[in-house]
Structures are given as C-alpha cells and as structure tokens.
1. Inside region 16-125, counting only helices (runs of 4 or more DSSP H) that do not spill past its ends, which hold 1 or more residues that are within 16 Å of the ligand (Cβ to nearest atom) and more than 20 Å from residue 5 (Cα to Cα)?
2. Return yes or no: is residue 81 without any contact (Cβ under 8 Å) to a residue 40 or more places away in the chain and closer than 22 Å to residue 20 by Cβ?
3. Is there a residue being surrounded by 15 or more Cβ atoms within 10 Å (Cβ to Cβ), within 30 Å of residue 14 (Cα to Cα) and modelled with pLDDT of 95 or more anywhere in region 52-69?
Ligand SMILES: [Mg+2]
C-alpha cells in the first residue's frame, strides 16, 4: 500500500492532478472538486453492478440457471468494475496524500476500531 500511495502521489504530480495547497480558497475549491469527482467514480461502480444485474436477468430469461447466470455476468463486468474501483482508489489516495496520512496505517487502525466496535449490526447469514 505504501508503494501504491507513493506511486499515486508521483503520478498525480506528473499529471497536474494534485489537490491545490496554494491557499485556503484554492485548497477548498480543489478539495470540493476532487470530492465531487470521487463520488462520480463511486456512482460508476454502481453502474457496473446495474449492468451485471441486468445481464443476469437477461440470461435467466433466456433459460439459464440463476447462479450460473450471475457467475457469467460477474465475469463480464469484472474488468470494468476493477477499473472503476481503481478510479475510486486513485481519488482516495489523493485525499490521503493531501492530508499526509499513511493509507495502510489508517486502514488497519480503522479496521481494528471496527472489529472492537460495540454497536455491531446484526447480520443475517
Ligand atoms: Mg471511472
């Protein structure tokens, strides 16, 4: 993760896509713009899921067994969903870098916090 975070920082610098640190006003505008772009990428993940569910429904209508139809649809959206998740990760890493946060450290720390959380949701299995 440290490697991917450093790569993202270098890549975003080269592309001129770093969140501005020039002034409060420029940072504010740049943070809001990047936040907006990040949420559109999250929406693109939803689009791929939608595509996958529609494909599944089509295959079922054509007579395919449900689990098989879903497996086939998953394999057909796999590449694109990977791309959209990569887009999301790129924006997340940009935010981590702007705030000078170690993404890996932050992730493990948060997961530990979640594991020890008292108000856990009850999930039906
Ligand atoms: Mg995208």
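The values are calculated or read from the model by the stated rules, or taken from the named source; none is laboratory data. Note that this is a predicted model, so its numbers are computed, not measured. Virtual Cβ from ideal backbone geometry, glycine too; neighbours counted across all protein chains shown.
1. Qualifying helices (runs of 4 or more DSSP H): 24-61, 66-99.
2. It is false that residue 81 is without any contact (Cβ under 8 Å) to a residue 40 or more places away in the chain and closer than 22 Å to residue 20 by Cβ.
3. The answer is no; no qualifying residue exists.
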